[in-house]
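Chemist: Have a look at this one before I ask anything.
The values are calculated or read from the model by the stated rules, or taken from the named source; none is laboratory data. In this text the structure is predicted, and so the values were computed from the model without any measurement. Quick reminder, even Gly has a Cβ in these numbers, built from the backbone with ideal geometry, and neighbours come from all protein chains shown.
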Amino acid sequence: MAALALTVLIWAAFALSARALGSSTLLPADAGLLRFGIPLAVLAPALWRRRRALAAVRPAVALKVACGAGVPFFLAAMYGGSLTSAAFVGSIVPGMVPLFVAALVAASGRGLPRGTQAAGLLLIAAGVVALVWRHVFPLNASVLAGSGILLAASGLWALYTVGLKEVALDPVGSIGLLCLPSFAVLAALVLTGALPSGLASATASDIAVFTVVQGLGVGLCAGLLYAFAIRRLGAERSSAVGSLSPVLVVLLAVPLLGESPTAAVLVGVPLIAAGVFLANRTAGRAAPAPAAPPSRP
């Protein structure tokens, strides 16, 4: 339970940091380098021992993992968060994953969701509609664009979830499979000037915060802690507690970022959290849950 509580706090910190990046001295590429580089530095000896297992992963599966939670996902989550709020990041990105995973499963011909899982997916969709509806009339193009980008990030994470189920790697190996290509791509984009970097002029406090939250927290600890919690508590109980993450983001965003939850947030976030709980609860009971990935964004 302690490992699971820390994991939920890390998931919430990811959403808060995505929103806070816009007011920091770091740019998205800088945060990404810390996110993917720190785990590589810490786990380098362990990853070297797993080099043969990593090289044996099929390219198509590796691409799902690297795209689904790597550079495309990270930049989409960071940019979408800068246009919306922490509540949107913490709710839409993890909240929509069960729905996207169900769509991928259905597209592969493995059946449609039923019963409680279907009800959970409907609650998630209703919660997202409740979140964005107030920005349609009157039109707020920036928030709607950010919401669309966050939906794309959630779809990418669903792809990562499906890909991760296809690899025979332990949590450490899975972190390496994600971080190695992601750090290489980001470094190449920064070195060629395709992505701007402000790391050289960033303040020490911003670097320290993102190193702890993104590098050590999201990049290293979340995957290891959540995998440990699943082994001790089971997927159903772990994913059920994990559904509290969107609610925690809203509560923490008030004192830390000065965000005031609107009526839409107070309606939409509980709907999404309840939907994630139901969708994961059913999936966790039937099989290894595609809706409950080893770690969230």
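Chemist: Return the residues of the stretch 136-147 that are of a type outside the set (Gly, Ala, Ser) and part of a helix (DSSP H, G or I); say none if nothing qualifies.
Modeler: The answer is VAL143, LEU144.
Chemist: Moving to a separate point now. Which one of these does ILE38 not meet: (1) of a type outside the set (Ser, Thr, Tyr); (2) closer than 22 Å to ALA187 by Cα; (3) modelled with pLDDT under 95?
Modeler: (3)
Chemist: Mind telling me which of the residues GLY120, GLY163, GLY215 ends up being surrounded by 22 or more Cβ atoms within 10 Å (Cβ to Cβ), over 28 Å from LEU104 (Cβ atoms) and at pLDDT below 95?
Modeler: Result: GLY215 is the single residue among GLY120, GLY163, GLY215 that is surrounded by 22 or more Cβ atoms within 10 Å (Cβ to Cβ), over 28 Å from LEU104 (Cβ atoms) and at pLDDT below 95.
Chemist: On to the next question. Looking for something out of contact with any helix residue (DSSP H, G or I) (no Cβ under 8 Å at 6 or more places or on another chain) and not small (Gly, Ala, Ser) - is there at least one such residue anywhere in the stretch 32-45?
Modeler: Checked against the condition, which is being out of contact with any helix residue (DSSP H, G or I) (no Cβ under 8 Å at 6 or more places or on another chain) and not small (Gly, Ala, Ser), the stretch 32-45 yields at least one hit.
Chemist: Given the conditions (1) in contact (Cβ under 8 Å) with a residue 40 or more places away in the chain; (2) hydrophobic (A, V, I, L, M, F, W, C); (3) over 16 Å from LEU178 (Cβ atoms), which single one is not true for PHE74?
Modeler: Tallying (1) in contact (Cβ under 8 Å) with a residue 40 or more places away in the chain; (2) hydrophobic (A, V, I, L, M, F, W, C); (3) over 16 Å from LEU178 (Cβ atoms), PHE74 fails exactly one: (3).
Chemist: Pairs only if they're at least six apart or on different chains, beta carbon under 8 angstrom, first in the stretch 148-160 and within 17 Å of LEU131 (Cα to Cα) and part of a helix (DSSP H, G or I), second of a type in the set (S, T, N, Q) and modelled with pLDDT under 95; list them, first residue then second.
Modeler: LEU150/THR84
Chemist: Tell me, which helices (runs of 4 or more DSSP H) wholly within the stretch 1-118 include 3 or more residues that are over 13 Å from the mean Cα position of the chain (by Cα)?
Modeler: Those helices (runs of 4 or more DSSP H) span 2-20, 28-49, 51-55, 59-69, 71-83, 97-107.
Chemist: Examine the stretch 44-57 for a residue that is crowded, with 24+ Cβ neighbours inside 10 Å and out of contact with any strand residue (DSSP E or B) (no Cβ under 8 Å at 6 or more places or on another chain), and state whether such a residue exists.
Modeler: no
Chemist: Does PHE183 satisfy the condition of being among the aromatic types (Phe, Trp, Tyr) and within 26 Å of LEU63 (Cβ to Cβ)?
Modeler: Against the criterion (among the aromatic types (Phe, Trp, Tyr) and within 26 Å of LEU63 (Cβ to Cβ)), PHE183 qualifies.
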